[in-house]
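Colleague: Starting off with a structure, shown below.
What follows draws every value from the coordinates through simple rules; no lab data is involved. Please read these numbers as outputs of a predicted model, since none were measured by experiment. When we count neighbours, we look across all protein chains shown, and the Cβ atoms used for this are built from the backbone with ideal geometry, even at glycine.
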Amino acid sequence: MSYTIEERCDLYPLEEIAISALYDYYSDLVDLQDMCDDMKMLCEKEQITTCESEKYGKLIEDEAFLIEDIAKLSNEMLIKHKNVIDAYRTCRSVREMKRKDFTKPKK
């Protein structure tokens, strides 16, 4: 099931994060997911392409350039969306702490 960016913002709101910041984060995340899908497609094409062909060389080059693009976007996201990522990290810590307290045997 695929959610729209708006649905993602509504489904998992972070009280301390503005909706616009969440929207920007999810928008960049969709771009990153698309790039990863493109990389998967290139790798699949590479597996069925003859090594000596010109097409194979182009696929390898395209993969290299896409790796750069993925790394660049990922690094930008770490900086630009640090507050969103930290908020998710806090959510996980709180959830795990609650689960640990819930499952801890009572004396």
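Colleague: Tell me the label-point distance for the pair Thr103, Arg89, using the 7 Å Cα-to-Cβ offset, in nm and rounded to one decimal.
Modeller: A separation of 2.3 nm, rounded to one decimal place.
Colleague: Do you know the relative contact order of segment 5-103, to the nearest whole percent, from alpha carbon pairs under 8 angstrom that are 6+ apart?
Modeller: Across segment 5-103, relative contact order equals 32 percent.
Colleague: If you take the charge dipole of the chain about its Cα centre, with +1 on Lys and Arg Cβ and -1 on Asp and Glu Cβ, which of Leu32, Cys91, Gln47 is farthest toward its positive end?
Modeller: Cys91
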